[in-house]
Amino acid sequence: MDCDSYRSLVRELDKRWPGIEDVLAKTAVAINGQIYQDAWLETIAPSSEVFFMHRIEGG
């Protein structure tokens with residue numbers, strides 16, 4: 001996919017699988033091994049590894 005940010009990646013995925021953006025908005029994401037709770041403005045490259053996971057909450 002030709003995406004330069006996490007936000008553009010999620011939007012592209014939502015075009016292919018409508019409704020996935022709502023699901024991914026509730027997840028954490030790892031981009032090249034760095035975990036983010038809120039990655040909407042993070043940049044990505046064509047070679048970036050993006051991994052979606054459940055958010056980890058502490059108490």
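So, in the chain, exactly how many residues are among the acidic types (Asp, Glu) and touching a residue at least 24 places away in the same chain (Cβ under 8 Å)? Walk me through it before giving the result.
As a first pass, look at the chain and keep what is among the acidic types (Asp, Glu): 2, 4, 12, 14, 21-22, 38, 42, 49, 57.
Narrowing the set further to residues that are touching a residue at least 24 places away in the same chain (Cβ under 8 Å) leaves 2, 4, 42.
So the count comes out to 3.
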TODO: Keeping to the range 48-59, report how many residues are in a loop (DSSP other than H, G, I, E, B) and within 15 Å of Ser8 (Cβ to Cβ).
DONE: 1
Open item on the list: Restricting to the range 1-47, give me the number of residues that are within 23 Å of Glu57 (Cα to Cα), assigned to a loop (DSSP other than H, G, I, E, B) and in contact with a strand residue (DSSP E or B) (Cβ under 9 Å, 6 or more places away or on another chain).
Closed with: 9
TODO: Please state which of the following conditions Gly19 fails to meet, knowing it meets all the rest: (1) within 10 Å of the chain's Cα centre (by Cα); (2) modelled with pLDDT of 95 or more.
DONE: (1)
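The values are calculated or read from the model by the stated rules, or taken from the named source; none is laboratory data. Being a predicted model, the structure only gives us computed values, none of them experimental. In this analysis, Cβ positions are derived from the backbone assuming ideal geometry, glycine residues included, and neighbour counts consider all displayed protein chains.
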